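*Asks:* First the structure, then my questions, so here it is.
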Amino acid sequence: MLIRVVILILLAASLGVAQPLAAPPVKSDLTPEMRGDIYMARKMYREAIDTFRTGPPRDPVLFNKTGIAYHQLMQLANARKSYEQALKIKPDYVEAMNNLGTVYYSQKSYRRAISWYDRALKIAPHESKSASIYMNLGTAQFARKRYEEATKAYRMAMSLDPDVFERHGNFGVMLEERTVQEKAKYHFYLAKLYAKDARNELALQYLRKAIEEGFKDKKKIEEEPEFAGLKDLPEFKQLLTLEPRVL
């Protein structure tokens, strides 16, 4: 049996059949931050944490990125400590403020989350950063069922970055909170925002999601002024015939 296995391996090698390889090691001539970023991209969060820790002991960026790695592992207490350490070193660190807010959001401490988002917005220097923070603020307000305040925050986010809700999968140095419990209602409000901006394709897309996820008030959909420009579209009429998913 052993001889047969060896023969098969040699035959595969002679035919050029690729053998499974382990993930290539990260080059040691890079900085700890760069090596840690590579591990983060590979979703190797524990390795990223170990690598970030080999960097300068008072680097707020490394503490912030360590917090993000812990966050992805759902070790929220460690994530919070890392963000707080970053803020001790750099009290005006907007990204760490925002990320600390996302920890409290994950723990359903929405008022604390809102407080940190508000603090970050007071000093956020770039529009792109502000857009992400406004989106997080809106999500925290939404979780508290303060829908009007949530809509205002979402509107601000979209005015700064029209595609802020469509960007996914990049942790960078600032987390974006997209987890909501009332998904149907959340997508309904996003549909209204896009419809108001005449971005009909996205409005219809989110309206479909809302209905499929259980939004049942078809009359409300028909009567919302934001959807007035969609009423004559065949796609809109078809959506009104859909049955909500049974959850």
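*Asks:* Just for region 73-86: of the residues that are of a type in the set (S, T, N, Q) and in contact (Cβ under 8 Å) with a residue 12 or more places away in the chain, which one is farthest from ALA143 (Cα to Cα)?
*Replies:* GLN85
*Asks:* Suppose we keep only residues that are out of contact with any Phe, Trp or Tyr (no Cβ under 9 Å at 6 or more places or on another chain) and more than 11 Å from PRO32 (Cα to Cα) within region 50-74. Which one would you say is surrounded by the most Cβ atoms within 10 Å (Cβ to Cβ)?
*Replies:* The first filter runs over region 50-74 and keeps only residues out of contact with any Phe, Trp or Tyr (no Cβ under 9 Å at 6 or more places or on another chain), leaving 53-58, 74.
From what's left, more than 11 Å from PRO32 (Cα to Cα): 57-58, 74.
Values: PRO57: 9, ARG58: 12, MET74: 9.
Once the filter is applied, the top-ranked residue is ARG58.
*Asks:* Pick from region 87-115 the residues that are free of Cβ contacts under 8 Å to residues at least 24 places away in the same chain and among the basic types (Lys, Arg): which of them is farthest from GLU149 (Cα to Cα)?
*Replies:* By that ranking, first place goes to LYS88.
*Asks:* I'd like the residue in region 151-161 that is surrounded by fewer than 21 Cβ atoms within 10 Å (Cβ to Cβ) and among the aliphatic types (A, V, I, L, M) and, out of all such residues, is nearest to SER109 (Cα to Cα).
*Replies:* Among residues in region 151-161 that are surrounded by fewer than 21 Cβ atoms within 10 Å (Cβ to Cβ) and among the aliphatic types (A, V, I, L, M), the one nearest to SER109 (Cα to Cα) is MET156.
Laboratory data are not the source of any read-out in this text; all were calculated from the coordinates shown. What you see is a predicted model; the values in this text were computed from it and never measured. Counting neighbours? That spans all protein chains shown, and the Cβs are built from the backbone with ideal geometry, glycine included.
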